[in-house]
1. Taking loop as defined by DSSP and a crowding limit of 13 other beta carbons within 10 Å, which GluC sites (Glu not before Pro) in the stretch 166-238 fit?
2. Can you give the convex hull volume of the alpha carbon atoms of the stretch 80-137 per residue, in Å³?
3. If you plug each phi of the stretch 189-204 into the Karplus form 6.51 cos²θ - 1.76 cosθ + 1.60 with θ = phi - 60°, what whole-Hz ³J(HN,Hα) values come out, in order, with x for Gly and Pro?
4. Per residue of the stretch 127-135, what does 6.51 cos²θ - 1.76 cosθ + 1.60 with θ = phi - 60° give for ³J(HN,Hα)? Whole Hz please, x for Gly and Pro, Karplus curve as stated.
5. Residues with amide H under 5 Å of CYS155's amide H, sequence separation 5 or more or different chain, H placed in the peptide plane at 1.01 Å from N; which?
6. What is the set of long-range amide H partners of THR56 at a cut-off below 5 Å, with H atoms built 1.01 Å from backbone N?
7. Calculate one ³J(HN,Hα) per residue across the stretch 58-72 by plugging θ = phi - 60° into the Karplus curve 6.51 cos²θ - 1.76 cosθ + 1.60, and present them in order as whole Hz with x for glycine and proline.
8. Between ASP232 and VAL116, what's the calculated FRET efficiency when r is the beta-carbon distance and R0 is 45 Å? Round to 0.05.
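Derivation of every value follows stated rules applied to the coordinates shown; laboratory data play no part. Predicted, not measured: the structure shown is a model, and the values here were computed from it. Using ideal geometry, Cβ is built from the backbone for each residue, glycine included, and neighbour counts are taken over all protein chains shown.
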Amino acid sequence: MKIDISKNNGGTDNEELVEKFYERDIPGMEEPEVDEDMISEAEEEQDYKPAGKLLTSFQYNVTNEEEEKAFTVFQQKYVYKRNWVITGLFAVVALMFIISIAKNPGGYINWVLFFVCLVMIFTTWFNTFRVKKYLMAALKSLEDDKYRFTLYEDCFKIETVFSEEEMAAEDFVPVKPRIVRFDDISLNVVENPKMFVIILRKETIYVLSKRVISEKDQTMLRGKLIEVLGEDYETKEL
């Protein structure tokens with residue numbers, strides 16, 4: 001499924017948003033529609049076998065607070081800029097209607113169109129924060145899940161770590177690891193003092209918190225990602 005959640009203020013269908021943000025099934029949610037091109041790309045990545053040298057591997061988890069901060073990073077990078085453009089355009093139009101109102105206070109059409117501009121500005125930002133609120137509530141149940149990140153010379157792999165009890169359950173369904181190749185993926189990384197935020201194709205986000213990564217592994221990860229990404233690797237302060 002090829003979904004750019006930066007469009008519509010990150011306001012794609014909420015079920016699709018959760019699915020793509022964390023690539024985990026949320027109980028009670030229906031399967032979203034599937035894009036065949038995206039399926040083939042994902043299958044190719046999952047079937048790929050790392051050919052490069054193993055650099056490092058570590059287990060981690062992500063708190064709901066960290067997920068919220070990571071999604072804010074995503075919105076700041078891809079959504080807020082668009083929001084400000086929309087806000088500016090509607091503000092200019094609203095100003096034009098204010099001038100018309102000043103010249104002709106009795107023209108009710110100008111008043112209506114002025115308030116329409118204000119509503120559009122409000123809706124633009126409201127949708128942005130509404131999506132984040134919904135997403136964080138939906139991801140709250142996954143806060144205790146554990147994952148393993150493995151870095152190779154040519155790719156990295158992220159897989160879910162299941163307990164023996166989970167694997168022994170009758171309804172247990174294995175989750176294929178996600179393998180991301182460095183040579184053919186649209187990949188951006190934002191590092192701040194608390195975490196690494198990995199963004200794939202502007203639609204899937206992985207959060208690696210520094211609280212569970214050793215300094216040695218942080219240095220290894222940072223060096224490799226800067227090497228393969230160049231200017232697509234950003235460093236930001238909180």
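1. Working: sites: GLU166, GLU170, GLU191, GLU203, GLU215, GLU227, GLU231, GLU234, GLU237; in loops: GLU170, GLU203, GLU237.
In loop regions of the stretch 166-238 (DSSP not H, G, I, E or B), the sparsely surrounded GluC sites (Glu not before Pro) are GLU170, GLU237.
2. On the way: hull volume 3.5 nm³, N = 58.
Given the Cα convex hull of the stretch 80-137, per-residue volume reads 60 Å³.
3. 3J(HN,Hα) across the stretch 189-204, in whole Hz: 10, 10, 10, 10, x, 9, 6, 10, 10, 9, 10, 9, 6, 6, 9, 10.
4. Result, rounded to whole Hz: 4, 4, 7, 5, 4, 5, 4, 5, 4.
5. For CYS155, whose amide H was placed from the backbone, the distant partners under 5 Å are PHE182.
6. LEU151
7. Karplus-based 3J(HN,Hα) across the stretch 58-72 equals 8, 9, 8, 9, 9, 7, 4, 5, 5, 4, 5, 5, 5, 5, 5 Hz.
8. Numbers: r = 39 Å, r/R0 = 0.86.
FRET efficiency, ASP232 to VAL116: 0.70.
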